[in-house]
Amino acid sequence: MNSGKKRGRRRSSSILYQEPQESIEHISDQLAAPNLNAGWVNAKGAWFIHVVLIITLKILFDIMPGMSQETSWTLTNICYMFGSYLMFHYVRGVPFDFNAGAYDNLNMWEQIDNGDQYTPAKKFLLSVPILLFLLSTHYTHYDLTYFIVNFLAVLGVVIPKLPFSHRLRVSLFSDPPDDD
């Protein structure tokens, strides 16, 4: 084989893979400056924005003509869950270039409170989807179809927040690491 040729990227045969631990260099880079990307979660008013988003989504779907309350609650639930998953679990790294790539392997959930589980911020962010699910289930009058849709949405957001999912990636939606 020609050693000058670049090898193609090999895909892992597994759908799930564990993100490896940070190197000493990455850890020292993370400790060098505060993580402003995840630090806002503990700021005053940051928790309130989730309530505002849910109320805004609910009002938006309520003013649409011909939409039932059941559909409105389900769409509110799905939109919030999708946005929450995208923001906290799908996107990795920091959107701004003030940490020099120190957090490129971590999603925002893993960056919040330095990865510690069950802090007040993480408890709140875990309880909001569950409470929204309970509300949407109640206001859809426990209809089986709406229940299944709402339940799948809440599972998609709650499971990545649990400790066993820490640094666990689904390669269906993102590229797995190289197998060298």
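The values are calculated or read from the model by the stated rules, or taken from the named source; none is laboratory data. What you see is a predicted model, and the numbers here were worked out from it, not measured in a lab. Every residue, glycine among them, receives a Cβ derived from its backbone with ideal geometry; neighbour counts consider all protein chains shown.
If you go through the range 149-171 and keep only what is in a loop (DSSP other than H, G, I, E, B) and closer than 13 Å to Leu75 by Cα, you end up with nothing.
The one condition from (1) out of contact with any Lys or Arg (no Cβ under 6 Å at 6 or more places or on another chain); (2) in a helix (DSSP H, G or I); (3) within 25 Å of Asn42 (Cα to Cα) that Thr71 does not meet is (3).
Do we find a residue being assigned to a helix (DSSP H, G or I), in contact (Cβ under 8 Å) with a residue 24 or more places away in the chain and touching a Lys or Arg at 6+ places or on another chain (Cβ under 9 Å) anywhere in the range 136-148? No, every residue in the range 136-148 fails to be assigned to a helix (DSSP H, G or I), in contact (Cβ under 8 Å) with a residue 24 or more places away in the chain and touching a Lys or Arg at 6+ places or on another chain (Cβ under 9 Å).
If you filter the range 25-83 down to residues that are aromatic (Phe, Trp, Tyr) and at pLDDT 95 or above, you find that the one that is surrounded by the fewest Cβ atoms within 10 Å (Cβ to Cβ) is Phe82.
Within the range 52-98, the set of residues being closer than 20 Å to Val149 by Cβ, out of contact with any Phe, Trp or Tyr (no Cβ under 7 Å at 6 or more places or on another chain) and not hydroxyl-bearing (Ser, Thr, Tyr) comprises Lys58, Leu60, Phe61, Asp62, Met64, Gly66, Ile78, Cys79, Met81, Phe82, Gly83, Leu86.
Among the residues making up the range 130-157, a single one is surrounded by fewer than 16 Cβ atoms within 10 Å (Cβ to Cβ), among the aromatic types (Phe, Trp, Tyr) and under 17 Å from Gly83 (Cα atoms): Phe151. Asn150 meets the conditions (1) at pLDDT below 95; (2) out of contact with any Gly (no Cβ under 8 Å at 6 or more places or on another chain) in every case but one. The failed one is (1). The conditions of being crowded, with 17+ Cβ neighbours inside 10 Å, part of a helix (DSSP H, G or I) and of a type in the set (Ser, Thr, Tyr) are not met by Ser127.
Inclusion of Asn107 among residues that are under 20 Å from Tyr146 (Cα atoms), modelled with pLDDT of 75 or more and surrounded by 18 or more Cβ atoms within 10 Å (Cβ to Cβ) is not warranted. Tyr85 falls short on exactly one of the conditions (1) among the aromatic types (Phe, Trp, Tyr); (2) without any contact (Cβ under 8 Å) to a residue 24 or more places away in the chain; (3) closer than 22 Å to Trp47 by Cβ, and that condition is (2).
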